[in-house]
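Take a look at the structure below.
The values are calculated or read from the model by the stated rules, or taken from the named source; none is laboratory data. Predicted, not measured: the structure shown is a model, and the values here were computed from it. Here Cβ is always computed from backbone atoms with ideal geometry, including for glycine, and neighbour counts include all displayed protein chains.
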Amino acid sequence: MIANFALSLLLTLLLFQVPGTSPSPKSTGVSKDQKAQAKTSAKDKKAGKVEAPPPTPDAAASPTPSPCPYTIEEAPAQPMIVRCIHSAKDTNFEHVIFMNKSIERGNNVTVPILGLKAWVDQSKDHDPQALRLFLAGHLLPKDEQSSVVVGQGYINFQLTSLSNGSDSDERKAWVLIFTEARRQSNGAVPISVGLPKDLQPFASDAFINLSVYPSYTRYVVVGLVLLLIAVFVLGWQSDLLRDVTHGPPPAPAKAPYSLGRVQMAWWFCLVIAAYVYICLITKEINILTGTAMALIGISAGTGLASVFVDNQKIADEENQKISLQSERGVVQARIAVLTAAASAAGTPEAIELQDRQKRLAEINALLNKFPAVHVIPSSKGFLDILKDGEGLSFHRFQIAVWTVVLGLVFIKSAFLDLVMPEFDTTLLGLMGISSGTYIGFKFPEK
C-alpha cells in the first residue's frame, strides 16, 4: 500500500513539471477542444498555411493621423499654396501654421507656402517682399504683406478696405472677387500669391471663404423690408402717395394716386436700398453720386411742381367763379335800374340795357360750366398714375416707363458693380424733359 501511494505521488509531481499541462480535477486526459485544434493545426501544416499569431493585449496603438502633411523642409520644383505647414521636427504638431478658414475686408490673412525658402534661395530676383495676393484669380496689388516669415514658410497679408480710399483698379478687382464669392453658397474663392509683374500666381488648390455679407446683415435686411412694407402699407391705407389737393373723398373711397408722389417713393426706396447694400459689402460710406442726388431732386421737383400746379388751378378756378358772381350781381343791379327807367327804343339807355342783358347771359353761361356740387376725384386703382381727368394719357405713361427703365439700370449697377450709377447728362436731361412734359400737361388737365 505504501508503495502504491509513493508511485501515485511521483506521477503527480511529474505531471506538474511538464510545460503547458495542468492537472484536471476530473481527468488528466486531453479535452475534445484540444483534440480538434490539434487536428486543424495538422491540416494547415500539410496545406502549407501559416496562421498569423493573434494580437497581444499589450500591442501599441497605431499613430494618430497627421493634422498637416506639409513640412517647411520640403522643396518642390515650384512653390505651392497649402492649407497648413509645420516643421518636420515638430512631431507633436504643436506649432502648425494654418490658413484662415474665412476672411472679410480689412482682415489679416495667413498664407502658408510650401517651398517658400527654396524659392527665395533659387534666385536674387525672388523677393518675398514683392509677392502679392491673388483671390479668385485677380491680383490685389495694394494688399501688401504685414509680415513675411520665410523660415517658417508663410506670409501675412493685410486686406485693404475700400472705405480707406482704394484706387479704381483695386476696387474693380474686389468687385470681381465679390461677384465670384456671391456665386458660391459659402463664398469660397481660390487663393494664391505671386509676383505682380509675372501675373502668374503660384500653384494652389487652396480655397478660402470670403465673408461677403457681415454678421449683422440679416438685421439690416429686416429693417429694409420693414421700410418697404411701411411705404406700401401707408401708401395704400393713407394719403402718403395720393393726390389730396381736391380734398379727401367721402368714405370709403380714397383719393387717387399721385404720379409725382409715387415717383418720389420709387427713387427714395431704390437709393436707400442700393446705398445700404453697397455699404454692407464694401464698407464704404461716401458712395452717393451726383446721379443719385439728381434723380431724387428731379422726382422731388416733379412732385412739388405737380402739387403747385394743382393748387394753382383750384385757386384760379375759385377766383374766376367769385369774379363772375360778383360781376353778375353788378350787371343785374344795373339791368334793374335801366328796366325801371323804361327808356324809349334807340335811346342810349335802351342800348345799354340790351348790352347788359347780353353780358348777363354770357356770365350765366360761364358760371353754368362750373359744377353745382364740388366733385372730389376718387381712386380707381394704381392706374391712377396714368390717368388725367379724361382717362389714360401718354405723357403720364411716358414718364412712368422711363422711371421704371432707369430704375432697373440703377438696380443692375448697384447689385453687379457695387457702385451708384453715373448717368450722363443726356439721360438726366431725358428724365427732366419727361418730368417737364408731365408738369406742362397738368395745366390743361381737368
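Here residue 335 fulfils each of the conditions (1) aliphatic (A, V, I, L, M); (2) outside the structural domain of residue 413 (by TED's automatic domain parsing); (3) touching a residue at least 60 places away in the same chain (Cβ under 8 Å) apart from (3). Taking the condition within 30 Å of residue 89 (Cβ to Cβ), touching a residue at least 60 places away in the same chain (Cβ under 8 Å) and either surrounded by fewer than 14 Cβ atoms within 10 Å (Cβ to Cβ) or not assigned by TED's automatic domain parsing to the domain that holds residue 286 (or both), does residue 201 pass? Yes.
Hey, any hits in region 358-373 for a residue that's assigned to a helix (DSSP H, G or I), closer than 19 Å to residue 301 by Cα and at pLDDT below 90? Scanning region 358-373 turns up no residue that is assigned to a helix (DSSP H, G or I), closer than 19 Å to residue 301 by Cα and at pLDDT below 90. Out of curiosity, is residue 340 modelled with pLDDT under 85, aliphatic (A, V, I, L, M) and out of contact with any Leu (no Cβ under 7 Å at 6 or more places or on another chain)? In short, yes. Within region 253-283, the residues that satisfy the criterion of being outside any loop (DSSP other than H, G, I, E, B), under 25 Å from residue 237 (Cβ atoms) and of a type in the set (A, V, I, L, M) are 259, 262, 264, 265, 270, 271, 272, 273. Taking the criterion of being closer than 19 Å to residue 174 by Cβ and either at pLDDT 95 or above or in a helix (DSSP H, G or I) (or both), the only residue of region 202-221 that qualifies is 217.
Can you name the residue in region 419-446 that is out of contact with any Gly (no Cβ under 8 Å at 6 or more places or on another chain) and part of a loop (DSSP other than H, G, I, E, B) and is also surrounded by the fewest Cβ atoms within 10 Å (Cβ to Cβ) among such residues? Here the residue is 424.
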